1. Taking region 142-166 only, how many residues are closer than 22 Å to D111 by Cα and surrounded by 12 or more Cβ atoms within 10 Å (Cβ to Cβ)?
2. Could you go through region 22-30 and let me know if any residue there is touching a strand residue (DSSP E or B) at 6+ places or on another chain (Cβ under 6 Å), without any contact (Cβ under 8 Å) to a residue 40 or more places away in the chain and under 30 Å from R168 (Cβ atoms).
3. Residues that are of a type in the set (K, R): find the strands (runs of 3 or more DSSP E) completely inside region 41-142 holding 1 or more of those.
4. Can you find even one residue in region 62-80 that is surrounded by fewer than 11 Cβ atoms within 10 Å (Cβ to Cβ), within 23 Å of K127 (Cβ to Cβ) and in contact with a Gly (Cβ under 9 Å, 6 or more places away or on another chain)?
5. Any residue that is farther than 21 Å from D83 by Cα, at pLDDT below 80 and not small (G, A, S) - is there at least one of those in region 162-173?
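The values are calculated or read from the model by the stated rules, or taken from the named source; none is laboratory data. Fair warning: this is a prediction, and the values are worked out from it, not measured in the lab. No Cβ is skipped: glycine too gets one built from the backbone with ideal geometry, and neighbour counts run over all protein chains shown.
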Amino acid sequence: MAALTQRQLEDLFWRAAILCLGLDPDDPSEAVQKRVRVSWPQSDTGNSTWGRDENVVFLRVAPTPDDYSQLKDIEHVYDDEADTLTERVTYHRSFSASFVCYGPDSLEDADRIRVGILRDSVHTVLKSQGVAINPAIRDPLRLTEPDESGDWWERYDVTVNFYALTTREYDEGMITSLSGNTIIPNE
C-alpha cells in the first residue's frame, strides 16, 4: 500500500468515528458532518464555536514513536520486459488518533469510539486501507476544561494507536548485462 497522507488518515478516522457513533458517514447533513471535526476550534473565546449542550468530537492524527515501525522489509524486484530493478520497502508507520469529546454525552461518545473502533464493521473499513488498530485502548480520560469566562466544559479524551502498512518503491536504474543474469548499475 502506498503511504497514506495526513489528510487521508484524518478522513479515514473521521469516517471510523462517525460509524462508531452510530451515524451514517455518507449523510451530507450538517449535524453529521460537524459531529466529528478534524480541525481544532479557531476562536478568541475558546469553545464558543459550539454550544455547551452540543456533543462534539475533535480528531487529531499524529505519528508516534514505536519500535515496531523501525522494522523494514526490503526486496528487489526485477522486471525482465522493462529491464529495470525496483527496490520495494514495506513497513508499518506508527500513529495515534486522539478523539477529544465535548458535551453532556462526552463520556458515552469516548467509550463508543473506544469500543466501536474494534468492531468488525469499522475494522473492515480501516483494514481496506492497510490500517491496523492496537487493541490495547485505555479507558477514556476525563479532562474538564475551563473557558475564558470561567465556565467548565465537560470533556473526555480517548487515544487509539494504530499502524499503517506502507510500501515505497525506488527505481534502481539498473540494466542487465549482455551475459544474461548479471545486473550492472547504470553509470
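1. Here the count works out to 14.
2. no
3. 56-63, 72-79, 84-102
4. Within region 62-80, not a single residue is surrounded by fewer than 11 Cβ atoms within 10 Å (Cβ to Cβ), within 23 Å of K127 (Cβ to Cβ) and in contact with a Gly (Cβ under 9 Å, 6 or more places away or on another chain).
5. no
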